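Presented below is the structure to which this report refers.
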Amino acid sequence: MAQPGGGRDWVARLHLPTLGVMLVIAAVWSLLSWRYGAYVLPSPASVVRGFGEILATGEVWTHTGASLYRILVGFGGAVGLAVLMGLAAFLSPRARGVVHDVLAVLNATSVFVWIVISIIWFGLSNWAPIFTTFMITLPVVASNIVEGVENVDRRLLEMGDVYRLPGREKFRSIVIPSTLPYLVAGMKVGFGLALKVSVVAEIFGVTSGIGYIMNYSREILETQMVFVWALVMILVMMVTDKLVFDAVSRRLARWR
Amino acid sequence: MAVKLQVSGVGKDYLIPVIDTVSFSVEAGEFVCLLGPNGCGKTTLLRIIGGLEPATRGAVLLDDRPVVAGDVHTRKVGVVFQEDRLLPWMTLAENVALVLKPLGVPAAERRAIARRHLGLAGLAGFEGYYPGRVSGGMRQRAAIARALAIEPDVLLMDEPFGALDAQNRRIMQTEVRRIWQQTGRTILFVTHSIEEAVAIGTTLLMMSARPSRLRELIRNDGRVERAKLIDDLNTMIMEEVERQQGGASA
Ligand SMILES: Nc1ncnc2c1ncn2[C@@H]1O[C@H](COP(=O)(O)OP(=O)(O)O)[C@@H](O)[C@H]1O
Ligand SMILES: [Mg+2]
């Protein structure tokens, strides 16, 4: 029983079918690269080489660090404000209506609007990508928190009333634990969005970050570096997902 | 004996009148079972008595003081709902210990009391389990342990064994009866099972069809033979169910 199960688990863990598909893609990619030339499509080998280079020079950390810093400030601020909005929605039905309307408007606003506005307001500085990230991730995280707050089981709150738990205790023992999974889910989606959006915003006006260096690589005709930095982005995304969000979700679900 | 609970002229209207008027009084240490057809307002009455719902008419006195809805902060009333209402992210022991906090019990003592009451409810060894990891019967017993842990003057129970199978139900009835005998609490127990009421109650209240009144108050002191009592109650409830259905279709 354990043997075949373990075997299948091993196959699943390595994602063997995915690996196979990727090998096929790499082969087709090599072929196309050879046919159209390195400017249009650099070969897989040159991408791997480029990745080795930025690892060796440490350049990878400079630009990833710059991007992550902007994400942490913009996204962190969004999470902070989202929590406050959730709190307001919990405390007052009127505030809940306002929060809903504000989020609907923010949700309907394009990334490009914020990029242009942030350049006008903050010029060519760190604050432009930070502000864009903030405005784009805020509605995603806040919508989740508000939904969580609205889904707090009223019957559990009533139980709290029966046993005369003070408001603070009800908040700590009932509201927070039932909202936390929504917050984490919102942060997971929000962080992914933050990474994608901040990189776009970095095309304009800053001189560091993954978005900047990708665009710069394109300008100096080093197409393989565009691919290398795309790879870095994907890795950052997957690593934070696995190391941060999966771990937190698992910890939150330990009572299930 | 002292009157613990006085329900005088209590009525409740939602969109339709649910409870017409109900009056009765309960002495300290009584085990009152509330019977009646589905939807006649048993849960509503219990919630009014527990201060969870305002009455449209009448008043409830607990220890001669009026129960005000929303102001459940003055007296010790334990409520066991139809569902267990345990916090799924807390262990059984943490769930019980939580409700001792507002009473100002120190942490170590809270844990000890939780252990003791879970033990009384037959849950020794399961203190560290999360509710999702134990059976429905065990969850309901934990909810009862939680209600008893605050040593309530009055314990209100709303069909607490509704979700249990026959065997667990029997066990829990014996358990609650034993706890009642040991602690001398006043218990108000809603059930739709006549056998259950006759087996555990000292006083049986039969409510009529909606809008409900008190149809019958029976002292279950063994003077009337059990089988006959069950028969009589069955007849009554059939009549009331019929009347309620007739009223609904009319
Ligand atoms: N919050 C409420 N709003 C409107 N109607 C309600 C509400 N609570 C209960 N009712 C109605 O009151 C009647 C009695 O309900 P309930 O007290 O739960 O009956 P029972 O517990 O005897 O089955 C039902 O018809 C139910 O639909
Ligand atoms: Mg009911």
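The values are calculated or read from the model by the stated rules, or taken from the named source; none is laboratory data. Since the structure is predicted, the reported quantities are computational estimates derived from the model, not experimental observations. Here the Cβ positions follow ideal geometry from the backbone for every residue, glycine too, while neighbour counts run over all protein chains shown. In case anyone asks, the SASA skips ligands and DNA or RNA and just uses the protein heavy atoms, side chains included. Shrake-Rupley method; radii C 1.70, N 1.55, O 1.52, S 1.80 Å.
Observations
- Inter-chain neighbour count for A:146-158: the average number of beta-carbon atoms from partner chains within 10 Å of each residue's beta-carbon is 2.
- Applying a threshold of 23 Å to the alpha-carbon distances of A:Lys196/A:Lys242; A:Lys170/B:Lys42; B:Lys42/B:Lys76 flags A:Lys170/B:Lys42 as lying beyond it.
- Helix axis angle, B:107-120 relative to chain B longest principal axis, alpha carbon, degrees: 50
- Listed residue (A:Ala66, A:Leu87, A:His100) projecting farthest to the positive dipole end of the stretch A:40-191, Cβ model: A:Leu87
- The label-point distance for A:Ile120 and B:Thr235, in a model that sets each label 7 Å from Cα toward Cβ, rounds to 8.6 nm.
- Cα long-axis angle, helix A:223-240 against chain A (0 to 90 degrees, to the nearest 10): 30
- Heavy atoms of B:His192 accessible to a 1.4 Å probe, total area in Å² rounded to 10: 100
- Environment charge at B:Trp89 (Cβ cut-off 10 Å; Lys +1, Arg +1, Asp -1, Glu -1): +1
- Calculated P(r) tail over 35 Å for the protein assembly as shown, as whole % of Cα pairs: 54
- Rolling a 1.4 Å probe over the protein heavy atoms leaves B:Leu34 with an accessible area of roughly 0 Å².
- Gyration tensor over the Cα atoms of the stretch A:170-221: the corresponding equivalent ellipsoid has semi-axes (square roots of 5 times the eigenvalues, largest first) of 39, 9, 6 Å.
- Magnitude of the charge dipole for the protein assembly as shown, about its Cα centre and with charges confined to Cβ atoms of Lys, Arg (+1) and Asp, Glu (-1), is about 760 debye.
- Cα convex hull of the stretch B:27-142 - mean projected area over all directions, nm²: 9.0
- Probe 1.4 Å - accessible area at A:Trp127, Å² to nearest ten: 130
- Crossing angle, helix A:44-57 versus chain A [Cα axis fit, 0-90 degrees, rounded to tens]: 70
- A simple rule links phi to the HN-Hα coupling: the Karplus curve 6.51 cos²θ - 1.76 cosθ + 1.60 with θ = phi - 60°, which for the stretch B:23-39 gives 9, 6, 10, 10, 8, 4, x, 6, 10, 9, 10, 9, 10, x, x, 4, x Hz, with x for Gly and Pro.
- The protein assembly as shown - share of DSSP beta bridges that are antiparallel (%, nearest 5): 50
- Accessible area in square angstrom per residue, chain A, 1.4 angstrom probe: 56
- Both numbers refer to the Cα atoms of chain B; Rg and Dmax are 18.2, 60 Å.
- For A:Leu14 and A:Glu59, the difference between the fully extended length at 0.36 nm per residue and the C-alpha to C-alpha distance is 13.2 nm.
- Under the shape rule built on the C-alpha gyration tensor, where the axes satisfy a ≥ b ≥ c, chain A is oblate, since a/c reaches at least 1.5 while a/b does not exceed b/c.
- Solvent-accessible surface ranking, highest first, for A:Trp255, A:Trp34 at 1.4 angstrom: A:Trp34, A:Trp255
- Per-residue ³J(HN,Hα) for the stretch A:145-153, Karplus 6.51 cos²θ - 1.76 cosθ + 1.60, θ = phi - 60°, Hz, x for Gly and Pro: 4, 4, 4, x, 4, 6, 9, 4, 5
- Leaving ligands and nucleic acids aside, the B/A contact buries around 2200 square angstrom of accessible area in total at a 1.4 Å probe radius.
- Taken residue by residue and averaged, Cβ atoms of other chains lying within 10 Å of the Cβ of B:98-105 number 4.
- Amide H contacts under 5 Å for B:Phe189, placed H, 5+ residues apart: B:Val32, B:Cys33, B:Leu34, B:Met157
- Per-atom-type breakdown for the stretch A:98-210 gives carbon and sulfur 67% of the accessible area (1.4 Å probe, protein chains only).
- Residue by residue, the stretch B:196-205 carries 3J(HN,Hα) couplings of 4, 4, 5, 6, 10, x, 8, 10, 10, 10 Hz when phi is fed to the Karplus relation 6.51 cos²θ - 1.76 cosθ + 1.60 (θ = phi - 60°); x denotes Gly or Pro.
- For peptide A:160-170, the mean count of partner chain Cβ atoms within 10 Å of a residue's Cβ comes to 6.
- Surface composition of the stretch B:1-69: carbon and sulfur atoms hold 55% of the protein heavy-atom accessible area at a 1.4 Å probe.
- Given charges at beta-carbon only (K, R positive; D, E negative), |dipole| of the stretch B:155-250 in Debye: 300
- Global form of the stretch B:1-85, assessed from the alpha-carbon gyration tensor, a/c cut-off 1.5: rounded
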